[in-house]
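Student: Here's a structure for you.
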Number of protein chains: 2
Amino acid sequence: MQILPAALESLIEALGNLPGVGSRTAERYAYFLVRRDPAKSQQIAQALSDLHKNVKYCPKTFTLIDAESDVSELYSDPRRDRTIVAVVAEPLDIVALEKIGSFRGTYHVLGGLVSPIDSVTPEQLHITELIKRIDEDNVVEIIFATNASVEGESTALYIQQQIGDRPLKITRLARGLPIGVDLEYADQITLSRALDGRQTL
Amino acid sequence: MQILPAALESLIEALGNLPGVGSRTAERYAYFLVRRDPAKSQQIAQALSDLHKNVKYCPKTFTLIDAESDVSELYSDPRRDRTIVAVVAEPLDIVALEKIGSFRGTYHVLGGLVSPIDSVTPEQLHITELIKRIDEDNVVEIIFATNASVEGESTALYIQQQIGDRPLKITRLARGLPIGVDLEYADQITLSRALDGRQTL
């Protein structure tokens with residue numbers, strides 16, 4: 001016997017496709033929406049319908065931009081320094097870095113990290129385009145702002161090889177103790193990296 | 001400066017309306033969808049658009065039913081006993097009870113619980129309709145299957161007063177130790193209720 005109406009079941013099933021959303025959470029979302037103003041559901045429906053047709057990848061930085069834009073504002077803005085490029089894995093990483101508010105360079109989104117386990121090869125990432133930008137924009141510094149993981153490290157290593165002997169500074173985000181964390185609770189690898197990267201006071 | 005495209009920002013804002021979804025979770029959902037097949041987003045959009053027009057409340061039990069149905073199958077099915085009515089707060093409570101698979105009575109959804117703090121008065125709940133069902137269907141037992149909370153208890157008490165001296169059995173779900181829980185970790189109120197409701201072996 002069918003307990004919930006078909007339309008509610010369809011919505012629960014559709015919402016179950018979202019990352020980390022199981023059937024209980026999907027049920028909660030759907031039931032919340034069915035009790036609210038239909039306009040709220042329509043607003044989400046509209047935003048979903050418009051999503052893909054109004055979004056594209058920037059051909060320079062490979063971040064997401066409005067479909068009618070040519071390149072990302074983070075690249076076209078004359079106040080941004082194109083000779084400094086922060087290399088990130090995903091567009092959302094840019095959101096995190098821009099929140100600091102002090103970085104004045106530009107970004108380059110790889111579209112992932114090299115990961116044999118997920119069969120992501122360097123050819124699938126925007127590495128060729130990064131090398132091209134290095135040459136065209138006379139880049140003086142590449143900052144690897146990738147996760148402090150095996151994938152992050154090996155992707156950085158691969159790109160470093162591709163850059164070869166071009167005369168530019170290659171840096172990466174510092175590894176060390178997160179602010180506000182007790183030393184006694186820090187894991188061994190983080191602590192070991194913090195010791196290796198110790199700075200003169 | 002705009003970091004994410006407007007269409008993505010709109011979707012993040014719209015998804016932020018879902019219960020328990022903050023901006024980080026909404027960002028994750030939106031970014032997940034933008035990278036997936038547009039058909040997936042369209043499927044969710046369609047389910048949301050169709051939701052309200054294909055769902056309505058059953059005029060007898062007040063659960064959610066297909067818009068083209070007359071009454072809930074849980075009421076119209078001749079195998080269900082209309083003289084036994086489980087009173088629940090919300091339609092999703094029925095889903096939980098039906099999972100047991102052994103209840104053969106019917107349901108009545110109140111549409112909430114009496115709660116002065118949320119300004120929910122008895123008049124806003126489907127209590128008059130419940131009394132009407134009691135008289136029309138010659139109900140012999142009402143089972144209060146509401147939360148074991150102050151609101152659940154006081155709603156049951158109010159309905160009991162409305163039922164007055166009609167000759168029917170009024171019961172509620174047993175309170176006691178949940179299965180699989182260690183006695184030493186049970187809270188005092190639960191333990192006290194379990195003691196009060198102790199059963200002869």
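The values are calculated or read from the model by the stated rules, or taken from the named source; none is laboratory data. In this text, all values refer to a predicted model and were calculated from it rather than measured experimentally. Positions of Cβ are generated from backbone atoms using ideal geometry, with glycine treated the same way; all protein chains shown enter the neighbour counts.
Student: Restricting to the stretch B:5-48, name every residue that is within 30 Å of residue B:68 (Cα to Cα) and buried (at least 21 other Cβ atoms within 10 Å of the Cβ).
Tutor: Correct list: B:14, B:15, B:18, B:41, B:44, B:45, B:47, B:48.
Student: Also, I was wondering about something else. Of all residues in the stretch A:51-107 being among the small types (Gly, Ala, Ser) and out of contact with any Leu (no Cβ under 8 Å at 6 or more places or on another chain), which is nearest to residue B:24 (Cα to Cα)?
Tutor: Among residues in the stretch A:51-107 that are among the small types (Gly, Ala, Ser) and out of contact with any Leu (no Cβ under 8 Å at 6 or more places or on another chain), the one nearest to residue B:24 (Cα to Cα) is A:96.
Student: Scan the stretch A:145-165 and tell me whether some residue there is hydroxyl-bearing (Ser, Thr, Tyr) and more than 18 Å from the chain's Cα centre (by Cα).
Tutor: Yes: one or more hits.
Student: Which residues, taken from the stretch A:1-51, are more than 7 Å from chain B (Cβ to nearest Cβ) and either more than 30 Å from residue B:6 (Cβ to Cβ) or in a helix (DSSP H, G or I) (or both)?
Tutor: A:9, A:12, A:13, A:22, A:23, A:24, A:25, A:26, A:30, A:35, A:39, A:46
Student: Give the stretch B:69-83 a look and list any residue that's farther than 18 Å from residue B:131 by Cα and either among the polar types (S, T, N, Q) or free of Cβ contacts under 8 Å to residues at least 12 places away in the same chain (or both), or say none.
Tutor: B:69, B:70, B:72, B:73, B:76, B:77, B:78
Student: Right, something else. State all residues of the stretch B:52-86 that are part of a loop (DSSP other than H, G, I, E, B), more than 12 Å from chain A (Cβ to nearest Cβ) and buried (at least 16 other Cβ atoms within 10 Å of the Cβ); if no residue qualifies, say none.
Tutor: Listed by number, the residues that qualify are B:60, B:62.
Student: Also: Any residue in the stretch A:131-145 that is part of a loop (DSSP other than H, G, I, E, B) and over 20 Å from residue A:59 (Cβ atoms)?
Tutor: Yes.
Student: Among residues belonging to the stretch A:148-176 that are surrounded by 16 or more Cβ atoms within 10 Å (Cβ to Cβ) and either at pLDDT below 90 or among the charged types (D, E, K, R) (or both), point out the one that is farthest from residue A:108 (Cα to Cα).
Tutor: A:176
Student: Going through the stretch A:113-127 one residue at a time, which ones are under 12 Å from residue A:152 (Cα atoms) and either loosely packed, with under 15 Cβ neighbours inside 10 Å or in contact with a strand residue (DSSP E or B) (Cβ under 9 Å, 6 or more places away or on another chain) (or both)?
Tutor: Result: A:113, A:114.
Student: Given the structure, is residue B:63 under 25 Å from residue A:39 (Cβ atoms) and either in contact (Cβ under 8 Å) with a residue 40 or more places away in the chain or of a type in the set (Ser, Thr, Tyr) (or both)?
Tutor: yes
Student: Okay, next question. Of the numbered conditions (1) modelled with pLDDT of 90 or more; (2) more than 17 Å from the chain's Cα centre (by Cα), residue B:116 satisfies every one except a single condition; which is it?
Tutor: Single failed check for residue B:116: (1).
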